[in-house]
Amino acid sequence: MSVNLDSFQDVEVPEGEVLDESQPVKKTKTRKKKKGTAIDPQVKAAAIAFSLISFLVIAGIVYVAGPPAMEGYQAYLEKKNNPPEEKKAANGQAPAEAPAQ
């Protein structure tokens, strides 16, 4: 498909004139921004207080329950990685000698 560019002409429009009068220029309406409902200062303060108290409660639970839980987990890992002597012998491994006292 080819277009003959010579058929288009540059048209100069005098100032103040509109080229196509069949479609008048429409002014666009500007929308007003809706204002959000203001939050009551007491509700705001209550939400902040609730958040802080929740954080402190969770931090306290971690502080109190964290170390015993970690000790239990470490004991579990040691038991898992170092099976007792009976299990080693059953798996075909030679039992380790007891250290001399």
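Read-outs: derived from the displayed coordinates by stated rules, not from any lab. None of the values given here were measured: they were computed from a predicted structure. Cβ coordinates were reconstructed from backbone atoms using ideal geometry, including for glycine residues, and neighbour counts include every protein chain displayed.
Key figures
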{"read-out": "Rounded FRET efficiency, nearest 0.05, which uses the C-beta distance separating Asn82 from Lys44 and R0 of 41 Å", "value": "0.15"}
{"read-out": "Loop-resident sites, region 35-79, for trypsin sites (Lys or Arg not before Pro), counting at most 12 other Cβ within 10 Å (DSSP)", "value": "Lys35"}
